[in-house]
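Working notes for the structure below.
Just so it is clear, none of the values below were taken in a lab; they were calculated from the coordinates. Model, not experiment: these values are computed from the prediction. Cβ atoms come from the backbone with ideal geometry, glycine included; neighbour counts cover every protein chain shown.
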Amino acid sequence: MSNEPLSCEGLLRQATEVIGGHSPRLDAELLLGHVTGWSRTSFRAWPERTLDAGEAQRFRALVEQRAVGHPVAHLLGEQEFWSLPLKVNPSTLIPRPDTECLVEAALSLPLPRDARVLDLGTGTGAIALALASERPDWRVSACDAISEAVELATGNAERLGLRLDVRQSNWFAGLPSGCFDLIISNPPYIADDDHHLIEGDVRFEPSSALIAGSDGLDDIRRITSEAPSWLRAGGWLILEHGYEQGAAVQQLFTEAGFASVETGQDYGRRDRFTLGRKHHAER
Ligand code: GLN
């Protein structure tokens, strides 16, 4: 990038060309907003507004990182989920809007007022914090195998003033015994040879949050088989999965003894999550 223009509009035009890809202008505006603290609408209202040389230099450095593919969320250090601003970093998955569909599904279940809820593999804490923000009486816990994710989720909860108990645990392995009303998770579910892994943001996200064996179902298999021991009778399990995994995941739920098994769709109307209910005890 040449060092010339210092007006917002000049910098944004130049950056849009350098960034390329699906949404270069939006990406450029988000990065410029991050550097200046100005809102995106102000770039339209005052296109001729100028940056000082230091700001322009910081902006250009971010634009160059974006041009080689670094996710906007990593460059901003933040991603919104369920209208909550969450800190993110490369230790875990960047929250995706489609995961909000699991939150909606959870909120529509017939759960007790003080439900005990567990978010497995919480990453930034996105699902757990969305639920805690909507249901202050729920007792929400979360775990992650990665210590940086535990720190990130804990920090996000503190910043948002939400009550969340976060522990380090590889799925259920390190948890004290539980009797949850709801277990919810966005586990890794991409097959290790999936071509999506060489495109877009996933190139900069850890494989521990994305890849699950040759069919992408290794972690979902483990969670469906172990979850019944951690749910009360009548408790629910909700898992995110790939858009072509609905039938296979339904079968895993059924094999593990879940009833009322159903698959729900994401914002693009593709299969995105499956839920099921642990059988009530025999009467
Ligand atoms: N939905 C993410 C993607 O397709 C993957 C998330 C995951 O593996 N849990 O990029």
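Some observations on this one:
- The chain, relative contact order in percent, only Cα pairs under 8 angstrom and at least six apart counted: 13 percent
- Solvent-free Debye calculation, one equal scatterer per alpha-carbon of region 13-76: log10 I(q)/I(0) at 0.17, 0.18 Å⁻¹ equals -0.52, -0.58.
- Distant-in-sequence amide contacts of HIS279, defined by a placed amide H-H separation under 5 Å and a gap of 5 or more residues or a different chain, comprise GLY234, ALA259.
- Projected area averaged over orientations for region 87-228, convex hull of C-alpha atoms, nm²: 8.2 nm²
- Normalised by the number of residues in region 11-135, the average gap of Cα pairs under 8 Å and 6 or more apart makes the relative contact order 18 percent.
- Rg(Cα)/(2.2 N^0.38 Å) for the chain, N = residue count: 1.12
- For region 171-269, applying the loop criterion from DSSP together with a ceiling of 13 other beta carbons within 10 Å to the trypsin sites (Lys or Arg not before Pro) yields ARG269.
- Where GluC sites (Glu not before Pro) fall in DSSP loop in region 38-84, at most 13 other Cβ within 10 Å: GLU48
- Region 110-186, relative contact order in percent, only Cα pairs under 8 angstrom and at least six apart counted: 40 percent
- Cα-Cα pairs of region 169-266 separated by more than 18 Å (percent): 48 percent
- The Cα trace of region 127-189 gives Rg and Dmax of 11.5, 31 Å, the first to one decimal, the second as a whole number.
- Here region 36-135 has an Rg and Dmax of 18.2, 57 Å, counting Cα atoms alone.
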